[in-house]
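For reference, the structure discussed in these notes is given below.
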Amino acid sequence: NSGEAVEGGGVDGWDPTNKEWNRVGSWVCMKQCGACCFLGASDPPDDPAIAAQLTEMTASDGWCKHFDKETRGCTIYETRPSFCRTSVDSFKSLYGVPEEQFETVARGACCEAIGDLYGFESPELDRYKETAGGSDWPDLDDVFSTEDALTRDV
């Protein structure tokens, strides 16, 4: 999957009828993205056991060993580690994010990861915004400044 935009506005290989892995309110884990699977840019977590597991999972090119670059999918999705499971509980336990801030913080984290990896004008970010509900999507500057303020206050 090259991720290039194709005629009709889609991204090649993307099935618009089957877009989501998971959704919590306005946050969505979008299929065929994989931005969070690029582990080479990740700051090591404080927990030494998680840091060791993350290191073991990271291939020499920075991608997770379990990320299939052709399908942009996880080969161990059903049995992936807890730190790969974006949820209210995981964000609370890993990052101290309160439940009422989860959607904003997670959505901002996804936008930042997608933008950093694929570009802030990329078809992937456009797909994310559409999948998450682009009609009421705030400006990305608002998402990042809100996320920054929330994570500073946590």
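The values are calculated or read from the model by the stated rules, or taken from the named source; none is laboratory data. Fair warning: this is a prediction, and the values are worked out from it, not measured in the lab. Using ideal geometry, Cβ is built from the backbone for each residue, glycine included, and neighbour counts are taken over all protein chains shown. Accessible surface areas use protein heavy atoms only, side chains included; no ligands, DNA or RNA. Shrake-Rupley method; radii C 1.70, N 1.55, O 1.52, S 1.80 Å.
Answer yes if at least one residue in segment 79-91 is of a type in the set (Lys, Arg) and either more than 23 Å from residue 118 (Cβ to Cβ) or at pLDDT 80 or above (or both), and no otherwise.
Yes, there is a match, as at least one residue in segment 79-91 is of a type in the set (Lys, Arg) and either more than 23 Å from residue 118 (Cβ to Cβ) or at pLDDT 80 or above (or both).
Give the residue that is farthest from residue 49 (Cα to Cα), with candidates limited to residues of segment 70-95 that are open to solvent by 100 Å² or more (accessible area, probe 1.4 Å) and touching a residue at least 12 places away in the same chain (Cβ under 8 Å).
Restricting to residues being open to solvent by 100 Å² or more (accessible area, probe 1.4 Å) and touching a residue at least 12 places away in the same chain (Cβ under 8 Å), the top hit is 70.
Examine segment 97-106 for a residue that is in a helix (DSSP H, G or I), under 21 Å from residue 38 (Cβ atoms) and at pLDDT 85 or above, and state whether such a residue exists.
Looking for residues that are in a helix (DSSP H, G or I), under 21 Å from residue 38 (Cβ atoms) and at pLDDT 85 or above, one finds at least one in segment 97-106, hence yes.
Condition check ((1) modelled with pLDDT of 85 or more; (2) farther than 13 Å from residue 73 by Cα; (3) not in a loop (DSSP other than H, G, I, E, B)) across all residues:
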| residue | (1), (2), (3) |
| --- | --- |
| 13 | no, no, no |
| 33 | yes, no, no |
| 50 | yes, yes, yes |
| 56 | yes, yes, yes |
